[in-house]
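Enquirer: One structure is given below, represented as structure tokens, and several questions about it will come after.
The values are calculated or read from the model by the stated rules, or taken from the named source; none is laboratory data. Please read all numbers here as calculations on a predicted model, not as lab measurements. We place every Cβ from the backbone using ideal geometry, glycine too, and count neighbours over all the protein chains shown.
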Amino acid sequence: MSHTYRDILLLIGGILLAALLMLSLSSAMIRSLPHKVKAIVIFRMDDPQPYWQSDKLKRAIDLFLEEKVPVTLGIIPKVMNKSTILEHSPFISYTKDLVYLHGDLIEIAQHGLTHLALSKVRGASEFAGLPFHKQLEMIKEGKNILESIDPEIKLRSFIPPFDTFDNNTIEAVRELGFIVFSAMYDEDSSIEIGQPYVDKGLVIIHATSSLKNWDTGAIRSYNELRESFSRVYSKCGVFVLETHYFLFDEKNTEKIRKFIHYMKGKDVAFMKLGDFGEGYLNRTIRKEDGYWIIGKD
Ligand SMILES: [Zn+2]
């Protein structure tokens, strides 16, 4: 092989290598560039537990996996104060599989301890009205149970059963290191719907609507769901839909699927509660000029 021929080959090789390097660098830059969306959508699924309607739990979770849409599961650690979920190995192995195989889409969150109504504050509550130390002890017990499912599980989000709580609940949740607290948006409060806020390090981001209308007991229609979304979307807010796994019969599952498809056609980002909370705290998710900016500058 002549010198010139080898040199040309080396030169071509060098150019190809450089081009490849630039291509991968620029695509990495595109990936890390912040992007903006008009609204954020978060699905909450409350009440996962063993023993009851596990076919609906699987159907509900499969919907989100199929649609590649994240969902935050509010798991009850010690249902009705009987045995803890740790004693139910099929449920534990199912949960572990979700964490290991679908950790990008599934967040494990804590939904109280027993889900028993221990007080009648605001109708029914597991926590509201109880002394601070009692609430702290109960929430800590539940947190320990959920985190002992697997070392991969680091709880970030707390969802109080019945969406009821008091200041002591917030204090206890904060002290235990959670970063997100999510109940139900209160129509009577001065806080604008779908606008999260930080309360001493804890991101408060309530559900803006629920699949079930708890006042009437009726399941919301597709049009009602769209209306509740539009209300938040028009204000560039965070739409959090509260669902319950046992409501996912075939009809409601297809309704939610259709609703997901509708929202996929809008300018939104789907995410888990905990991811939103983390990003909101470290400002990789922030609101500027009516848009949500997601990502680092
Ligand atoms: Zn519940």
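Enquirer: When Ile205 is evaluated against the numbered criteria (1) within 16 Å of the ligand (Cβ to nearest atom); (2) in contact with a Gly (Cβ under 9 Å, 6 or more places away or on another chain), which criterion, by number, is the only one it fails?
Expert: The failed condition is (1).
Enquirer: Could you check, for region 212-227, whether at least one of its residues is among the small types (Gly, Ala, Ser), under 19 Å from Gly194 (Cβ atoms) and at pLDDT 95 or above?
Expert: Start the filter on region 212-227 by keeping residues that are among the small types (Gly, Ala, Ser), which leaves 217-218, 221.
Pick out the ones that are also under 19 Å from Gly194 (Cβ atoms) and you get none.
Among the residues of region 212-227, not one is among the small types (Gly, Ala, Ser), under 19 Å from Gly194 (Cβ atoms) and at pLDDT 95 or above, which makes the answer no.
Enquirer: Against the definition (surrounded by fewer than 21 Cβ atoms within 10 Å (Cβ to Cβ) and without any contact (Cβ under 8 Å) to a residue 12 or more places away in the chain), how does Asp150 come out, yes or no? Break it down into steps so the answer makes sense when it comes.
Expert: Values: surrounded by fewer than 21 Cβ atoms within 10 Å (Cβ to Cβ): yes; without any contact (Cβ under 8 Å) to a residue 12 or more places away in the chain: no.
Criteria not met by Asp150.
Enquirer: Looking at Pro70, is it in the same structural domain as His206 (by TED's automatic domain parsing), within 16 Å of the ligand (Cβ to nearest atom) and closer than 23 Å to Leu273 by Cα?
Expert: No: the conditions fail for Pro70.
Enquirer: Please state which one of Ile159, Ile170, Ile179 is surrounded by 19 or more Cβ atoms within 10 Å (Cβ to Cβ) and either among the aromatic types (Phe, Trp, Tyr) or within 16 Å of the ligand (Cβ to nearest atom) (or both). If you could, list the steps in order and put the result at the bottom.
Expert: Working: Ile170 fails: either among the aromatic types (Phe, Trp, Tyr) or within 16 Å of the ligand (Cβ to nearest atom) (or both); Ile179 fails: either among the aromatic types (Phe, Trp, Tyr) or within 16 Å of the ligand (Cβ to nearest atom) (or both).
It is Ile159.
Enquirer: Taking region 119-144 as the search range and keeping residues that are buried (at least 19 other Cβ atoms within 10 Å of the Cβ) and within 16 Å of the ligand (Cβ to nearest atom), which one is nearest to Tyr94 (Cα to Cα)?
Expert: Among them, the one singled out is Gly142.
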